[in-house]
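One structure is given here, and the rest of the page talks about it.
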Amino acid sequence: MNLLDLVQKHVPLRRVSGNKGGEWHGPCPACGTSQADPSKSDRFVVWPEIGGWMCRNCGAGDAIEFLRKFEGMTCPEAHEALGKVCESTTCPVRDKCRMARDRVRAAAHVPDLTAPKIKRPVVTSWQAAEATGPVNTWRGKAAAMVEWCHHRLLGNREQLDYLASRGLSVEAVKKFRLGWNPEDLYRARSAWGLPEEISTKTGKPKKLWIPKGIVIPYFDAVGVHRLQIRQPEGEPRYYWLPGSGDDVLIIGDHTAACVVVESALDALLIAWQAGDVAAALPLGTCNARPKQTAAAILRKSLCILVALDFEPRENPKTGKIENPGGHAAQWWTTTFSQSVRWPVPSGKDPGEYHQTGGDVRAWIIAGLPPGLRPKTSPPAPATAEPAAPAPAAETIRTGQVFEGQTKSGRAYLLAENALDVPELLETFPGKAVITSRELKKLVGATPEEAEAVLMIKEIFPGAVVHDRRTLPTD
């Protein structure tokens, strides 16, 4: 969203000249207008092309300053809303700011785990498009293929191991009817109810290509609505089988909360790990928009966590840092007032977060308003990795940091974000600080071993747990 769009969310503007690439006038969002007729006000001036604004009473600035002054955002929130990193070299808190350029480029993004306040859903002027479904012939062929490929997958140890690494056990494979197509297939398009297409190279009818890969079916009220195939190599990595419907379908029944992601496997991971607290909406690409079916559900949802990929990268042409997922998230937070940007604590998406030891379920619950959180967390699926035992008897949640004490009385701090450790060590000298990732290294540790780790961290502040085999055993 550019500066002109930001301002026009608050006040009407009119174009008065082409000066500086275009000049717009209108009343100030804060102090109004000195004109009897607000439509003729020139108190507030915007130059969209150079990204600047000026109020004759309130001062001047750019889009960042506008969000801070007129929408009450903090500096990091404003940068994140615009998908920008902070370029300042003089900011006194630059080393601690999550949106500082060097910090964004050097480390994975960790969001504020304080749950967003619940907001009432609103209907914007955006109108969802109507979805198109597949023909009955296609549905019949697709249903048969889903079952055939599903049995091929259940007998393929390599692909089951890959899906398990993505957090999808055999039980999940069965629940979602995932499949495996062992080789490229070519079928007559007419057999699938598709219109004939003539190849411009051969002059002969084209065949329907069904590539080798993991088959991901999407179901609607009638049956198979879409088929997506994740190829083990080559492009496109995710291939939509021609003839599929074009609806963007929500996975899960608990739609009071919904998590918006890009990848289908990430959505299935969320549905499997946290389907009792939130549904998942896989877009396929960050810029996709929900159709009427999903939009109707989203408008009734009380919380939408926008977890589009966090992947800041430098544009080779402009030299600027771009984050497509963060930029696309602005549409969601503008269109649905109950939505909030909620990227994973580490990695670019839920799949990577899981593969690095992250707790997907805990991350989702942390983003929910208190009223939507489960009273007690049900046990994880039988095939899921066991949770690491905490070395403490009790923990108290205080934002991104947990305070606790072992049975022997040793106090410690548990940090969700490793980037917070230096500040915690400085603020609480002499107290052991352990990160959630280090905690997972202690799976199977005895209380004595865990106590030893905390003692070592007290003596050597900043020491890092790499492997439990290094713990003392006597």
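The values are calculated or read from the model by the stated rules, or taken from the named source; none is laboratory data. Quick caveat: nothing in here was measured; it's all calculated off a predicted structure. Heads up, the Cβs are rebuilt from the backbone with ideal geometry, glycines too, and the neighbour counts pull from every protein chain shown.
A few remarks follow.
- Just one residue in the set Lys96, Lys119 is farther than 24 Å from Trp209 by Cα, surrounded by 15 or more Cβ atoms within 10 Å (Cβ to Cβ) and modelled with pLDDT under 95; that residue is Lys119.
- Residue within segment 309-316 that is modelled with pLDDT under 90 and among the acidic types (Asp, Glu) present: yes
- Number of the exception - Gln159 against (1) free of Cβ contacts under 8 Å to residues at least 60 places away in the same chain; (2) within 26 Å of Asp253 (Cα to Cα): (2)
- Scoring Gly347 on the criteria (1) modelled with pLDDT of 90 or more; (2) surrounded by 15 or more Cβ atoms within 10 Å (Cβ to Cβ) leaves a single failure, condition (1).
- Hey, Gly167 within 26 Å of the chain's Cα centre (by Cα), assigned to a loop (DSSP other than H, G, I, E, B), touching a residue at least 60 places away in the same chain (Cβ under 8 Å) and surrounded by 15 or more Cβ atoms within 10 Å (Cβ to Cβ) or not: yes
- The strands (runs of 3 or more DSSP E) located wholly in segment 204-319 that include 1 or more residues which are aliphatic (A, V, I, L, M) and outside the structural domain of Lys141 (by TED's automatic domain parsing) occupy 257-261, 279-282, 303-306.
- Residue within segment 277-286 that is farther than 26 Å from Arg177 by Cα, modelled with pLDDT of 90 or more and in contact with a Ser or Thr (Cβ under 6 Å, 6 or more places away or on another chain) present: no
- Positions within segment 276-297 being polar (S, T, N, Q) and more than 19 Å from Gly133 (Cβ to Cβ), in sequence order: Thr285, Asn287
- For segment 420-443, a residue qualifies if it is part of a loop (DSSP other than H, G, I, E, B) and either in contact (Cβ under 8 Å) with a residue 40 or more places away in the chain or closer than 11 Å to Gly462 by Cβ (or both), and the qualifying residues are Lys441, Leu442, Val443.
- Tally, over segment 199-239, of residues that are surrounded by 15 or more Cβ atoms within 10 Å (Cβ to Cβ) and either over 27 Å from the mean Cα position of the chain (by Cα) or farther than 26 Å from Gly155 by Cα (or both): 7
- Residue, surrounded by the most Cβ atoms within 10 Å (Cβ to Cβ), within segment 280-313, restricted to residues that are of a type in the set (D, E, K, R) and under 12 Å from Trp332 (Cα atoms): Arg299
- Test: Gly284 is small (Gly, Ala, Ser) and under 24 Å from Asp5 (Cα atoms): no
- For segment 351-368, a tally of residues being out of contact with any Gly (no Cβ under 8 Å at 6 or more places or on another chain), surrounded by 22 or more Cβ atoms within 10 Å (Cβ to Cβ) and assigned to a helix (DSSP H, G or I) returns 4.
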